[in-house]
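Colleague: Below are the structure tokens for one structure; questions will follow.
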């Protein structure tokens, strides 16, 4: 019986943690679908958070490659007065952490491509 209580407590804590992270992300950035993301590309700063090897294979046209691990060092390359559009292969951990970091640094107009590059139906550059 105590194993059941421990399991239920674990599930409750996990659910609360996931809910808290979802709430934090929603406060930091807007997760948008392909159509809305494509509209914002021309007025914003499109950032590919993947590693350079992945970026060279395939990326959204007009994207700059700033790997998540280099985001802090590359912050000066981004403008706070223009929207920042972020993506990875999928909507993974790095894009969430990047959005939260940018929000802390004073960026207010942050967008995340829902489901990332894998579901992108717009123009891409491949090698």
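Taken together, the values in this text are just the output of simple stated rules run on the coordinates, not laboratory data. No experiment lies behind these values; they were computed from the predicted model shown. We place every Cβ from the backbone using ideal geometry, glycine too, and count neighbours over all the protein chains shown.
Colleague: Taking a quarter of the surface of the convex hull around the Cα atoms of the stretch 48-89, what do you get in nm²?
Modeller: Convex hull of Cα atoms, orientation-averaged projection: 3.1 nm².
Colleague: How large is the Rg to Rh ratio of the chain when both quantities use alpha carbon positions and Rh follows Kirkwood?
Modeller: On the way: Rg = 16.8 Å, Rh = 15.6 Å.
On the Cα set of the chain, Rg over Rh gives 1.08.
Colleague: Just for the chain, what percent of DSSP beta bridges are antiparallel, to the closest 5?
Modeller: 20
Colleague: Residue separation times 0.36 nm, minus the C-alpha to C-alpha distance between residue 42 and residue 81: what's the value?
Modeller: Numbers: separation 39, 0.36 × 39 = 14.04 nm, distance 1.41 nm.
This chain segment gains 12.6 nm when fully extended.
Colleague: Based only on other Cβ atoms within 10 Å, what is the fewest-to-most ordering of 48, 121?
Modeller: Values: 48 24, 121 9.
So the ranking, lowest neighbour count to highest, is 121, 48.
Colleague: Same structure again: For every helix of n ≥ 4 consecutive DSSP H residues, a contribution of -39,500 (n - 2.57) applies; sum these over the chain, divide by its total residues, and give [θ] at 222 nm rounded to the nearest 500 deg cm²/dmol.
Modeller: Values: 4 runs with 53 residues, N = 127.
Using -39500 (n - 2.57) per qualifying helix, the result is -13500 deg cm²/dmol.
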